[in-house]
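This report refers to the structure that appears directly beneath it.
The numbers here are math on the coordinates, done by the rules we state, and not lab data. Owing to the predicted nature of the structure, the values given are computational and were not obtained by experimental measurement. When we count neighbours, we look across all protein chains shown, and the Cβ atoms used for this are built from the backbone with ideal geometry, even at glycine.
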Amino acid sequence: MTLRISVIGTGYLGATHAAAMAEFGFEVLGLDIDPEKIATLTAGQVPMYEPGLSELLLKHVAGHEGSTGRLRFTTSAQEAAEFGDVHFVCVNTPQRKGEFAADMSYVDAAIDSLAPHLTRPVLVVGKSTVPVGSAGRLAERLAALAPVGEGAELAWNPEFLREGFAVQDTLRPDRIVIGARGGRAEELLREVYAEPIAAGVPFLVTDYATAELVKTAANSFLATKISFINAMAEVCEAAGADVTQLSAALALDDRIGGKFLNSGLGFGGGCLPKDIRAFMARAGELGADQALTFLREVDSINMRRRSRMVELAREQCAGGFLGRRIAVLGAAFKPNSDDIRDSPALNVAAQIQLQGAQVTVYDPKAMDNARKMFPGLAYADSALEAAEGAHVVLHLTEWQEFRALDPAELGAVVAERRLLDGRNVLDADAWRAAGWTYRALGRPS
Ligand code: UDX
């Protein structure tokens, strides 16, 4: 009999995971406490911009013409508990207010709502990013609360998906990591992931703590790589060197590699910033804080990019923002996403606005989210409209649409042809040739 799978938490991770499980051929029930989210997903719609996800939902959500009907959603924990042989926990672990540590209340609540209804042997699989040591604690909590006791087994299976590539990353991840304590976890998860395993995706089985650490270590490494090149950009700026040429040359050493070596405004989003902070907090609790003091530097370098961008913009405004019009291209924390959580672009836009400029923002997908979070900024329907009458144009999220902008066309509507490229991807020569002053972080003026 094919396995029945429940997915608890239907945000980014959970909605994608549920759809992917249906694509693998399983019967899937998604559970969320938010009835609105459940209604949206049942209608085959996605509450965020994620390429390919809506199509995958419509292919499987019951009730849609031609769908496999393998995917349904509910708000009843009892229904999910009774339905699933394998339960994936996909709720979020945000940063706690006023602290570095992760807020584990949603994960705890997920286990607490599910466990009392578990009357037959099942596997509960955590996918959320958690502080190392959580799985051990939760395994005990699960067995204590479940009527089936130790028959409710726990495994940890960190998720590495990137926003904007969530579907492909879930169907064909780089690797599948399972933290388990023996039992049936490995066997069941080999069955769940039979398709990617058959396609050659490495499947690694570790203890709980190692599996938890793979995720936080991976995100810390990526953040460090970005902050490394941004630190080099600071040195380049002081020395009159060009960080884009530097990173291109470094990238040719395949021990270093070019991925995550693009200097610019730095990282944001719902993962990297909060994950490195939670990692530092957890290391402190474990008495290993010295090992991660470098992450504090990684974080500071990253935050400095934002202030540096504001300074550069001020220089372009001859020292003061009062009465100046600034166009900001980009609001999402990265391209191909409408996610504005800890977005470097909006952070810069808001700082400049607070210092007296009139800031107009345009983003291809993140406008609604940006408007809700920063109602005080002005918004335009296109890059051209945002740039009208601007004294400086700031390119802060590298959407393809912005790379394709025509410098002459934009030059015709601005008050002054001044461009700051916060992502180091625009063609400096082409913009300069069209009469623009082109400046970027870490490059000679
Ligand atoms: C990240 C991890 O990549 C993913 O594996 C994990 O599961 C969740 O966190 P995501 O938050 O979707 O994914 O974004 P990612 O694509 O990693 O980008 C993070 C940030 O780094 C973005 O703000 C991006 O603009 C920035 N970045 C990335 C750079 O500044 N330079 C680079 O070279 C690469």
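Charges only on Cβ, +1 for Lys and Arg, -1 for Asp and Glu: so what's the dipole of the chain about the Cα centre, in debye to the nearest 20?
Approximately 840 debye in magnitude.
Could you list the trypsin sites (Lys or Arg not before Pro) in the stretch 238-292 that lie in coil according to DSSP, counting only those with at most 14 other Cβ atoms within 10 Å of their Cβ?
Passing both the DSSP loop test and the Cβ count: 255, 259.
Rounded to the nearest 10 degrees, what's the angle between the helix 293-316 long axis and the longest principal axis of the chain, both from Cα atoms, 0 to 90?
30 degrees
Compactness ratio of the stretch 154-283: Cα Rg over 2.2 N^0.38 Å, N = residue count?
It is 1.28.
Only Cα pairs under 8 Å and at least 6 apart count here; give the relative contact order of the stretch 222-291 as a rounded whole percent.
In percent, rounded to a whole number, it is 31.
Over the stretch 86-239, calculate the relative contact order: mean separation of alpha carbon pairs under 8 Å at least 6 apart, over the residue count, as a percent.
Relative contact order for the stretch 86-239 comes out at 20 percent.
Quick one, can you get me the convex hull of the C-alpha atoms of the stretch 242-445 expressed as volume per residue in Å³?
Taking only Cα atoms, the stretch 242-445 has a hull volume of 130 Å³ per residue.
Expressed in nm², what is the orientationally averaged projection area of the convex hull enclosing the Cα positions of the chain?
Computed as one quarter of the Cα hull surface, the answer is 22.6 nm².
Please report the equivalent ellipsoid semi-axes of the stretch 4-206, computed as sqrt(5 x eigenvalue) of the Cα gyration tensor, largest first, in whole Å.
Working through the eigenvalues yields semi-axes of 24, 19, 18 Å.
Once the other residues with Cβ under 14 Å from the Cβ of residue 226 are scored (Lys, Arg +1; Asp, Glu -1), what is the net sum?
Summing Lys/Arg as +1 and Asp/Glu as -1 gives +2.
So what's the angle, to the nearest 10 degrees on a 0 to 90 scale, between helix 105-114 and the longest Cα principal axis of the chain?
Once rounded, one gets 30 degrees.
Mind listing P(r) for the stretch 1-91? All alpha-carbon pairs, 10 Å bins, whole percents.
Reading the bins upward from 0: 20, 58, 21, 1.
Angle between the Cα long axis of helix 208-239 and the longest principal axis of the chain, 0 to 90 degrees, nearest 10?
Taking the Cα atoms of the chain, the angle to 208-239 is about 0 degrees.
On each of the three principal axes of the Cα atoms of the stretch 261-303, give max minus min coordinate, whole Å, ordered largest first.
34, 19, 16
Under 8 Å for C-alpha pairs, at least 6 residues apart: give me the relative contact order for the stretch 4-206, rounded to a whole percent.
Reported as a whole number, the value is 19 percent.
Of 127/372; 334/365; 97/334; 97/225, which pairs sit farther than 19 Å apart, going by alpha carbon to alpha carbon?
As for pairs spanning more than 19 Å Cα to Cα, those are 127/372; 97/334; 97/225.
Give the average over all directions of the projected area of the C-alpha convex hull of the stretch 121-183, one decimal, in nm².
The Cα convex hull of the stretch 121-183, projected and averaged over all directions, gives 5.0 nm².
Could you please state, rounded to a whole Å, how far the C-alpha centre of the stretch 234-299 is from the C-alpha centre of the stretch 11-44?
Cα centroid to Cα centroid, the span is 34 Å.
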